[in-house]
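Chemist: The structure follows.
The values are calculated or read from the model by the stated rules, or taken from the named source; none is laboratory data. All values derive from a computational prediction rather than experimental measurement. Ideal geometry is used to build each Cβ from the backbone, glycine not excepted, and the neighbour counts take in all protein chains shown.
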Amino acid sequence: MPQLCLSGLAGAPSPKVTQPLVVAGRARHQSLWQRRHSAPLLSAFSAGLIFAAAVRSPCSIVRRQGRMAAMAAMAATPEVPESFRRLVAERAGESVRAVAVVREGTTPEPEDGQVLIKVITAGINGGCETFRARGERAFAGMQNVSDYALGSEGAGVVLRAGTGTDLQPGDAVAFVGNAFAELNIVKASSCHRFGRASDMQAQAFRECAALRISGLTALVALELTGEIKQGQTILITAAAGGTGHFAVQIAKLNGARVIATCSTEEKAKLLRELGADRVVLYKQEDLSEVLSKEFPEGLDLVYEGVGGKLHETALAHLKEGGRQLQVGYISHYPQAAGKDSSPDSSTDQGKTLGDAFWGGKTWELPGNKTVYFNVWEGLKRQTLSEPPGGKPLERLFNLWSSGRLKAMVDPKAFVGLEQAADAVEFMMSGTSTGKVVLDIQAL
Ligand SMILES: NC(=O)c1ccc[n+]([C@@H]2O[C@H](COP(=O)([O-])OP(=O)(O)OC[C@H]3O[C@@H](n4cnc5c(N)ncnc54)[C@H](OP(=O)(O)O)[C@@H]3O)[C@@H](O)[C@H]2O)c1
């Protein structure tokens with residue numbers, strides 16, 4: 001999280017505050033699969049039109065085809081508006097709700113190596129947004145800044161591409177950058193192209209926004225930092241959440257035995273469907289007892305983002321040589337629902353998880369156990385460009401597009417910049433399932 005959340009630290013000031021707009025209701029999505037299956041029908045329909053035209057006269061087909069090609073090109077290159085709206089913090093404060101205001105600005109031009117993106121969906125990384133809004137930890141510099149941009153991840157359509165990038169107008173991309181905005185300038189290197197926007201439905205943008213950080217974190221942490229192996233036993237906490245549900249599937253794809261924690265039976269059902277071998281409803285069952293009784297040999301690997309008691313229980317059951325991937329500590333984040341009242345510390349180290357996490361520490365503990373607070377550490381050990389199985393982002397998106405990895409998006413709809421704070425609070429409520437997203441505008 002520390003690296004990925006740092007996007008947009010230098011949000012540029014913008015000229016005027018606008019009234020919130022009334023945002024049209026969200027037409028809930030037709031699935032990507034439905035869209036994909038309907039594509040051949042559409043092609044057949046277009047082919048039929050061309051055939052009918054050809055029967056009339058050879059000249060008319062040439063004219064008609066020319067018009068169709070021109071229309072297709074127009075559809076593939078979306079219009080660029082002259083101005084756009086974005087959500088900024090005027091100054092650091094209590095929460096996203098307290099600091100966020102909508103501002104309007106003139107559409108900027110992408111420079112060398114940049115693209116201008118029409119943002120379709122923003123992913124909600126509630127912890128990160130809250131620290132950013134409060135100007136705390138890695139965002140301490142925000143205390144002295146006014147009008148800084150909010151949002152850290154999203155998916156959208158390239159409208160313009162600067163020189164020195166392979167991206168084209170009309171490309172659908174998932175990106176790291178300030179996504180609570182209708183338009184955004186993003187480094188092309190922070191974008192992952194997942195197709196042509198004209199071939200996609202809104203749901204694909206939601207799923208790819210989820211993949212870009214939440215999915216990638218799980219893949220890099222487990223495969224590169226954790227070096228997960230077939231037959232290993234892994235504990236995953238907040239397993240039905242934005243990053244957790246990817247971790248469960250990636251662990252299963254690697255042949256591991258998965259113990260998954262969550263708080264409700266509804267989430268447990270989803271986890272069983274995703275392949276979890278043992279689901280522990282940690283508010284009803286004692287996790288430590290379950291681990292002692294059913295997994296006495298201990299844990300090879302832990303993917304842990306809750307902190308507090310779950311962090312300590314996991315660590316206590318880590319086997320010799322085991323690795324704990326401490327992806328976060330949400331139960332101690334400001335604004336987290338049901339905030340953990342226990343001290344944010346590790347009994348082993350006497351230090352707060354927050355300090356270790358934001359400091360990107362690695363704890364080497366007796367018994368050759370390791371706790372990674374920078375779960376991206378493994379990228380350093382591999383050649384970034386070619387770790388086994390291909391580049392991490394390519395491997396992740398290939399798993400998704402081939403249907404082997406599902407991106408689950410919480411069905412609760414949030415639409416427009418005005419609902420960003422609602423979406424963040426929902427994500428921090430402890431009740432969401434899969435990835436929470438905010439639809440910024442229609443495709
Ligand atoms: N290091 C990175 O790059 C990186 C990237 C993405 C996410 N993360 C971290 O991974 C963790 C999960 O993030 P996420 O975005 O995927 O969120 P999420 O799992 O979708 O949502 C949080 C979940 O945590 C559980 N939880 C337990 N105690 C909680 C509390 N007091 N308040 C709120 N939720 C609580 C809840 O599920 P149950 O109680 O039902 O299990 C809740 O649904 C966070 O710590 C986050 O910071 C890190």
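Chemist: Quick check on my filter: what residues within the stretch 370-385 are in a helix (DSSP H, G or I) and either at pLDDT 95 or above or within 16 Å of the ligand (Cβ to nearest atom) (or both)?
Modeler: Filtering the stretch 370-385 down to residues in a helix (DSSP H, G or I) leaves 378-381.
Passing the criteria: G378, L379, K380.
Chemist: Ok, one more. Taking only the stretch 406-431 into account, find how many residues are more than 14 Å from the chain's Cα centre (by Cα) and assigned to a loop (DSSP other than H, G, I, E, B).
Modeler: Residues meeting the conditions: 9.
Every residue, every condition in (1) more than 25 Å from A188 (Cβ to Cβ); (2) away from the ligand (no atom under 16 Å from the Cβ), yes or no:
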{"residue": "V101", "(1), (2)": "yes, yes"}
{"residue": "P108", "(1), (2)": "no, yes"}
{"residue": "E111", "(1), (2)": "no, yes"}
{"residue": "L116", "(1), (2)": "no, yes"}
{"residue": "V119", "(1), (2)": "no, yes"}
{"residue": "R137", "(1), (2)": "yes, no"}
{"residue": "Y148", "(1), (2)": "no, yes"}
{"residue": "E153", "(1), (2)": "no, no"}
{"residue": "G156", "(1), (2)": "no, yes"}
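Chemist: Those residues that are among the basic types (K, R) and either loosely packed, with under 15 Cβ neighbours inside 10 Å or assigned to a loop (DSSP other than H, G, I, E, B) (or both), I need them from the stretch 78-96; list them, please. Can you show your working first?
Modeler: Residues of the stretch 78-96 that are among the basic types (K, R), as a first pass: 85-86, 91.
Hit for the stretch 78-96 is R91, nothing else.
Chemist: When the stretch 210-227 is examined, which residues are found to be more than 12 Å from the ligand (Cβ to nearest atom) and surrounded by 24 or more Cβ atoms within 10 Å (Cβ to Cβ)?
Modeler: We begin by selecting, within the stretch 210-227, every residue more than 12 Å from the ligand (Cβ to nearest atom); these are 222-224, 226-227.
Correct list: L222, G226.
Chemist: Considering only residues that are within 13 Å of the ligand (Cβ to nearest atom) and at positive phi, look in the stretch 275-326 and name the one that is surrounded by the fewest Cβ atoms within 10 Å (Cβ to Cβ).
Modeler: G308
Chemist: Could you run through the stretch 240-299 and say how many residues are more than 26 Å from P411 (Cα to Cα) and of a type in the set (S, T, N, Q)?
Modeler: Start the filter on the stretch 240-299 by keeping residues that are more than 26 Å from P411 (Cα to Cα), which leaves 254-257, 285-299.
Narrowing the set further to residues that are of a type in the set (S, T, N, Q) leaves 254, 288, 292.
Total meeting the criteria: 3.
Chemist: Looking at (1) touching a residue at least 40 places away in the same chain (Cβ under 8 Å); (2) part of a loop (DSSP other than H, G, I, E, B); (3) surrounded by fewer than 24 Cβ atoms within 10 Å (Cβ to Cβ), which is the only condition G151 fails?
Modeler: Among (1) touching a residue at least 40 places away in the same chain (Cβ under 8 Å); (2) part of a loop (DSSP other than H, G, I, E, B); (3) surrounded by fewer than 24 Cβ atoms within 10 Å (Cβ to Cβ), the lone unmet condition for G151 is (3).
Chemist: State whether the residues of the stretch 389-397 include one that is modelled with pLDDT of 95 or more and crowded, with 16+ Cβ neighbours inside 10 Å.
Modeler: Residues of the stretch 389-397 modelled with pLDDT of 95 or more: 396-397.
Within this subset, residues satisfying the condition of being crowded, with 16+ Cβ neighbours inside 10 Å are 396-397.
The answer is yes; a qualifying residue exists.
Chemist: Among (1) in contact with a Lys or Arg (Cβ under 9 Å, 6 or more places away or on another chain); (2) within 22 Å of G378 (Cα to Cα), which single condition is A240 missing?
Modeler: Going through (1) in contact with a Lys or Arg (Cβ under 9 Å, 6 or more places away or on another chain); (2) within 22 Å of G378 (Cα to Cα) one by one, A240 breaks only (2).
Chemist: Restrict the check to the stretch 239-262 and report whether at least one residue is surrounded by fewer than 20 Cβ atoms within 10 Å (Cβ to Cβ), within 14 Å of the ligand (Cβ to nearest atom) and over 20 Å from the mean Cα position of the chain (by Cα).
Modeler: no
Chemist: For the stretch 181-201, does any single residue satisfy the condition of being within 20 Å of G434 (Cα to Cα) and in contact with a strand residue (DSSP E or B) (Cβ under 7 Å, 6 or more places away or on another chain)? Give the derivation first.
Modeler: Taking the stretch 181-201 as the starting set, the residues that turn out to be within 20 Å of G434 (Cα to Cα) are 201.
Keeping just the survivors that are in contact with a strand residue (DSSP E or B) (Cβ under 7 Å, 6 or more places away or on another chain) gives none.
No: zero hits.
Chemist: Sort out which residues of the stretch 419-433 are within 13 Å of the ligand (Cβ to nearest atom) and crowded, with 24+ Cβ neighbours inside 10 Å, and write them in order of number.
Modeler: Taking the stretch 419-433 and keeping what is within 13 Å of the ligand (Cβ to nearest atom), we get 423-433.
A423, V424, M427, M428, listed by residue number.
Chemist: Still on this structure, please answer the following. Find the helices (runs of 4 or more DSSP H) located wholly in the stretch 173-263 whose residues include 2 or more that are among the small types (G, A, S), and list them.
Modeler: Details: elements: 202-210, 216-219, 244-253.
Qualifying helices (runs of 4 or more DSSP H): 202-210, 244-253.
Chemist: Right, next: Considering only the stretch 119-148, state which residues are surrounded by fewer than 24 Cβ atoms within 10 Å (Cβ to Cβ), outside any helix (DSSP H, G or I) and either at negative phi or not assigned by TED's automatic domain parsing to the domain that holds A174 (or both).
Modeler: Answer for the stretch 119-148, where residues must be surrounded by fewer than 24 Cβ atoms within 10 Å (Cβ to Cβ), outside any helix (DSSP H, G or I) and either at negative phi or not assigned by TED's automatic domain parsing to the domain that holds A174 (or both): E136, V145, S146.
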